[in-house]
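Below: one structure, written as C-alpha cells.
The values are calculated or read from the model by the stated rules, or taken from the named source; none is laboratory data. As the structure is a prediction and not an experimental result, all values here were calculated from the model. Note that we place each Cβ from the backbone using ideal geometry, even for glycine, and neighbour counts take in every protein chain shown. In case anyone asks, the SASA skips ligands and DNA or RNA and just uses the protein heavy atoms, side chains included. Shrake-Rupley method; radii C 1.70, N 1.55, O 1.52, S 1.80 Å.
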Amino acid sequence: MQTEQNSALPSQEPSPCAPTPARKGMLMLQHLVNHIGVAVASKLVPVASIFLYSHMMSVYDYGILNLSASYLWILGIVMTLNLHTGIGRYVYTASADFAGFLGTTYIAIGAIYATLCAIVLLNLDRFAAWMALPRGVVALMLVVVMGAIAESILTQVAIHRLDSKRLVLCIVAKAVSTLSLSMLLLVLIDTDKYRAVLWADALVSAGFMLFVLYHLRHDTRLVFHFSHLKYMANYAIPLIPYMLCLTLLSQFDRVMIDRYFGKEATGLYSLSYNVGVLTLMLVTALLNVFTPSFFSAIDERNYPRLLRESDGIFALGAFATVFLVLFGETLFGWLVPAKYASALDLIPVVALGGLCLVVFQLWARLIAYANKTYLLSIIASVVTVTKLGLNLLLLPRFGYKSAALTTVLAYLLMSLLCVWMANAKVGLFRVPIAKHLAYLAGCTVLLLIFAYVPLPAAGALAAKAVLFVAAAWHFRAPILGLLLVRSKPVQ
C-alpha cells in the first residue's frame, strides 16, 4: 500500500522549517502523554472502581458492576457486527472516500443496532436470566454500548490525524462527567449502588454519542455505498470471532467465577485483575501514538525502525510489569479497603499475563495490516477454547484464584501463535521473540522468588528497590529511544 506521500523520494536538503530531532522528540512525548491520558480516561470508571467505588459499595455490588462490564464488550461487538473497526484501516488506504465510508458505517451499524436492541428489549427477562443480572442493568447496558462505539470511532479518526490533544480533551470530559455523576448518585442511592455507576454511564454515553455525530458532521456524507459496506465487512466480520474471543479471554473469568463462587468472589477477583492489567493502558497509549509510524514504516519497508519502536514499547511494558510484580500487592494494599486484601496476591500474576498480551498486541498489527484478520480469529478461538477448558478444570478444584494462572497461560499461547502466524503466513520480515520470552521468564522468576521464598520484610524491600533501579537502568535506552522515532503527520 503506497500513498503519494510515502512513495515520494525524500529531499536531499533539509527544509529550513523541518523540526529538529529535539522538536520531534517533544512532539512524540506530547502525543504519548495525550494518549496515556486517553487510555487512563477510557479506563477511569474501572480505575475509579479500584480506588473509590470499592470504598462506597459492597463487594457484592462491586461484583455486579464488573459482571455487567464483562457482558458490555460482548454486546458492543454483536450489536454492531464490529463494522466500525473498519474505519481505522480504511483511512490509511490511498484515495479514501472517508466521508462516504463514515456515512455508510453509520447507516449499517445503526440498522443492526436498532434491530438487535428491539430483540433484547422484547425478551428482556430472558436475557437478564441468561446473564444473571437485574433486567434494569441489561437495559442500561444497551445505552452504554452506544457511547463505547462513538468513542471507538472518534479515537480511530483522531489517531489517523495525529489529533491527540483534541481526543484527550473529549475522552477526559466524558470520563470526568461519568465519574462525577456516579459519585453523586452513589451518595443519593442507598441500596443496589451498582445502579449509580450504570445510570451515570448510560446518561453520559447517550450525550457523548450525540457529540461525536455533531463533531464529525463535516467529515460525514450520509450515503450508502455497497463497496464501502463490502470493504468494512471483509475487514471487520472476520474479526468478530477474534473480538468476541478477546472479550471472553479478558472478561469471562468473572462470569465463570460468578457461577461457581458468587458475586463476592467476582468482586475480589475483579479488583486485582483491574490493577494487574494497568500496564496494558500504557501500552495501548503507545501503540496509538505509533500507529501512523507503523503504517509508514511498512509502506517504506523500513523494518529496522519498526523493530526499534516495538522493542521500545515492549521495554516500557516490561518495566511497568516489573514494578507491579515487585510492589503491586504492597502498594495497592495501602490504597484499597482491607476487605479486598485476600485477593491482592493475584496482582503480580495478572500483570505477568498482561505482559504476555503485549507481545501479541505488537505483532497482531502485522496480520491486520495484511488484511488477514481471519488468522487473528483462528488464534483467538484456539486460545479461548484452551482457557475455558482450563477454567472448567481448575476453578472447581483450586478456587477462583486459579483464573489468574489460566490468564497467563492463555496470553502466552496467544502471543506464541501470533508470532508464528506473522512469520509463516504474513512473512513481511522475521519477527523475533527470544528476547521477549527471556524477559517474561525473568519476571516469572521474580514473582516466584518474592511469593515463595521466605525473606525478612526489610531485606525483601531492599532487594525489590535494588531490582527496580536495575530494571530502570536496563530499559532506559529503548524507552528513551521512542522519543527519537519519526512519525509522519497526515496531510
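Let a ≥ b ≥ c be the square roots of the eigenvalues of the Cα gyration tensor of the range 388-444; is it rounded (a/c under 1.5), or, if not, prolate (a/b larger than b/c) or oblate? Mind showing how you got there, number by number?
Numbers: a/c = 5.94, a/b = 1.99, b/c = 2.99.
Cα axes put the range 388-444 in the oblate bin.
Ranked from the most accessible area to the least, with a 1.4 Å probe and all protein chains present, what is the order of D190, D97? Spell out each step's value before the answer.
Values: D190 130, D97 50 Å².
From most accessible down to least: D190, D97.
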Next on the checklist: Over the chain, what is the relative contact order in percent, taking alpha-carbon pairs closer than 8 angstrom and at least six residues apart?
Outcome noted: 22
Checklist entry - Given a 1.4 Å probe and every protein chain left where it sits, what share in percent of the accessible area of the chain is carbon and sulfur? => result 69
Checklist outcome for this item: Kirkwood calc, the chain, C-alpha pairs only, radius in angstrom 23.6
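What is the range 285-324 by shape, rounded, prolate or oblate, if you read a ≥ b ≥ c off the alpha carbon gyration tensor as root eigenvalues and call it rounded for a/c under 1.5, prolate for a/b larger than b/c, and oblate otherwise?
Numbers: a/c = 6.00, a/b = 2.19, b/c = 2.74.
Taking the square roots of the gyration eigenvalues as a ≥ b ≥ c, the range 285-324 is oblate.
Per residue, how much accessible surface does the range 297-342 expose to a 1.4 Å probe? Answer in Å², no decimals. Display every interim value, and only then the final one.
Numbers: 1850 Å² over 46 residues.
Dividing the accessible area of the range 297-342 by its residue count gives 40 Å².
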Next on the checklist: Per residue of the range 402-414, what does 6.51 cos²θ - 1.76 cosθ + 1.60 with θ = phi - 60° give for ³J(HN,Hα)? Whole Hz please, x for Gly and Pro, Karplus curve as stated.
Outcome noted: 5, 5, 5, 5, 5, 5, 4, 4, 5, 5, 5, 4, 4
Item to check | Unit charges at the beta carbon, dipole of the chain: most positive-side option, F208, A403, L447 | outcome: L447
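Determine the order of H474, H225, H160 by accessible area, beginning with the largest, at a probe radius of 1.4 Å. It would help to have the intermediate numbers written out before the result.
Details: H474 100, H225 70, H160 35 Å².
Solvent-accessible surface, decreasing: H474, H225, H160.
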Checklist outcome for this item: With the 8 Å Cα cutoff and a minimum separation of six or more residues, the range 285-431 has a relative contact order in percent of 24
Checklist entry - When the dipole is taken about the Cα centre of the chain, and only Lys, Arg (+1) and Asp, Glu (-1) are charged at their Cβ, what size is it in debye, to the nearest 20? => result 560
Checklist entry - Roughly how many Å² is the accessible area per residue of the range 110-250, as a whole number, for a 1.4 Å probe? => result 48
Next on the checklist: Can you give the longest run of the chain that contains no trypsin sites (Lys or Arg not before Pro) sitting in a DSSP loop with at most 12 other Cβ atoms inside 10 Å?
Outcome noted: 1-300
Checklist outcome for this item: Candidate cut points under chymotrypsin sites (Phe, Trp or Tyr not before Pro) in the range 398-450, DSSP loop plus at most 15 other Cβ atoms within 10 Å of their own Cβ, are F429
